[in-house]
1. It is to be established whether one or more residues within the range 177-196 are more than 17 Å from residue 238 (Cβ to Cβ) and of a type in the set (D, E, K, R).
2. Of the residues that sit in the range 48-88 and are acidic (Asp, Glu) and at pLDDT below 80, which one is farthest from residue 14 (Cα to Cα)?
3. Of (1) open to solvent by less than 60 Å² (accessible area, probe 1.4 Å); (2) closer than 18 Å to residue 259 by Cα; (3) in a loop (DSSP other than H, G, I, E, B); (4) not hydrophobic (A, V, I, L, M, F, W, C), residue 181 satisfies all except one. Which?
4. Which one is farthest from residue 104 (Cα to Cα) among residues in the range 201-248 that are open to solvent by 40 Å² or more (accessible area, probe 1.4 Å) and of a type in the set (A, V, I, L, M)?
5. If you take the residues of the range 191-218 that are in contact with a Leu (Cβ under 8 Å, 6 or more places away or on another chain) and either assigned to a strand (DSSP E or B) or of a type outside the set (A, V, I, L, M) (or both), which of them is modelled with the lowest pLDDT?
6. Looking at this structure, is residue 159 under 25 Å from residue 22 (Cβ atoms), modelled with pLDDT of 90 or more and part of a loop (DSSP other than H, G, I, E, B)?
7. Any residue that is within 30 Å of residue 119 (Cα to Cα), at pLDDT below 85 and either surrounded by 12 or more Cβ atoms within 10 Å (Cβ to Cβ) or out of contact with any helix residue (DSSP H, G or I) (no Cβ under 7 Å at 6 or more places or on another chain) (or both) - is there at least one of those in the range 93-101?
Amino acid sequence: MDLRRLPPLRSLEAFVRVARLGSAKAAASELALSPSALSRRIGALEEFMGKKLFRRQNQILTLNDDGESLFKTVAPALEGLAEAVHDHMDDSRNIRLRLGVLPLFASQRLFPHLPELRRMYPLLHIDTVTTGHSENFLGDTLDAAIILAKQVDPALHSVRLDHNFVYAITSTELASTLGDTPEADLLSKQTFLIHADMPESFESWKEALGLAGLTPAAIDHFDSGPLMLEAAAQGLGIAILHDDHLSRSHDARLAQLYDVKVESPYSYWFVCKPRALETRAVRLFHNWLVKTEI
């Protein structure tokens, strides 16, 4: 068989790592190389290709047009090669992912789809941790996380999973009592339930209703979405959550307070350290998640 000559795999790996991280220094650190060794690998690839792949300015490397074109072609091919090698390894052990995820996202959106993931990858198992601010534990006790945030640390690999609206959710009885039109006097006598990861949602909701100065009788704070929904269903207050939190609950005891849509400052994100994508568990879960509507 006449195979075309290929560049050194290590040079391709260095190229993809620099392109993904946007930093030669970070790429050298992750590859456990000196900056000069990384530079030699990039130089060897450019010599093989017969063209420059990066713009160089003040020791900063950024992809040029040829580099962008090569990256779009080579990165998926390298991932496919790594996957093919793993698939042919004599390894019947379970593949384990340590995933941080908020309880409401897990119960409403993730778990209903996990049987599909298990059918696709029977050896992939997930250790689930529901601690808040999971991004702080990445690379330590967690491999990846699904978080609720306004924005994500640019040093992390991230995928935005949705866009949301803020809803005021309460019991059907309380919703009936408060009526269809917001009244500051009535609302000022209520208790509002606020999630620790969504502190600005209440302010956004008040401003959208023209009630920026509203001061409720009390604000109760929660770190659990399911508990907030249950508290609202029991008539303990008005929960400020997302529209899909209500629709996915399928709880006839709950109702949206007022027919108003308020864009949420927060979204769900998948996050991990860039290097974590090289591990099979993270890569399999990441690729499945971005292709699955959950």
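1. Taking the range 177-196 first, the residues more than 17 Å from residue 238 (Cβ to Cβ) are none.
Within the range 177-196 (the criterion being more than 17 Å from residue 238 (Cβ to Cβ) and of a type in the set (D, E, K, R)), the answer is no, since none of the residues qualifies.
2. 87
3. (1)
4. 212
5. Here is the first cut: in the range 191-218, the ones in contact with a Leu (Cβ under 8 Å, 6 or more places away or on another chain) are 191, 193, 195, 197-198, 201, 206, 211, 214, 216.
From what is left, the residues that are either assigned to a strand (DSSP E or B) or of a type outside the set (A, V, I, L, M) (or both) are 191, 193, 195, 197, 201, 206, 216.
Working: 191: 98, 193: 98, 195: 94, 197: 89, 201: 95, 206: 96, 216: 96.
The selected residue is 197.
6. On the way: under 25 Å from residue 22 (Cβ atoms): yes; modelled with pLDDT of 90 or more: yes; part of a loop (DSSP other than H, G, I, E, B): no.
It is false that residue 159 is under 25 Å from residue 22 (Cβ atoms), modelled with pLDDT of 90 or more and part of a loop (DSSP other than H, G, I, E, B).
7. Start the filter on the range 93-101 by keeping residues that are within 30 Å of residue 119 (Cα to Cα), which leaves 93-101.
Going one step further and asking which of them are at pLDDT below 85, we end up with 93-94.
Filter once more, keeping what is either surrounded by 12 or more Cβ atoms within 10 Å (Cβ to Cβ) or out of contact with any helix residue (DSSP H, G or I) (no Cβ under 7 Å at 6 or more places or on another chain) (or both): 93-94.
Yes: the range 93-101 contains one or more residues that are within 30 Å of residue 119 (Cα to Cα), at pLDDT below 85 and either surrounded by 12 or more Cβ atoms within 10 Å (Cβ to Cβ) or out of contact with any helix residue (DSSP H, G or I) (no Cβ under 7 Å at 6 or more places or on another chain) (or both).
Rundown of residues vs (1) at positive phi; (2) of a type in the set (Ser, Thr, Tyr); (3) assigned to a loop (DSSP other than H, G, I, E, B), yes/no style:
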site	(1), (2), (3)
20	no, no, no
25	no, no, no
29	no, yes, no
32	yes, no, yes
38	no, no, no
46	no, no, no
52	no, no, yes
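The values are calculated or read from the model by the stated rules, or taken from the named source; none is laboratory data. Note that the coordinates shown come from a computational prediction; the quantities given were computed from them, not determined experimentally. All Cβ positions, even for glycine, are placed from backbone atoms using ideal geometry, and neighbour counts span all protein chains on display. Just the protein is used for accessible areas: all its heavy atoms, side chains included, with ligands, DNA and RNA removed. Shrake-Rupley method; radii C 1.70, N 1.55, O 1.52, S 1.80 Å.
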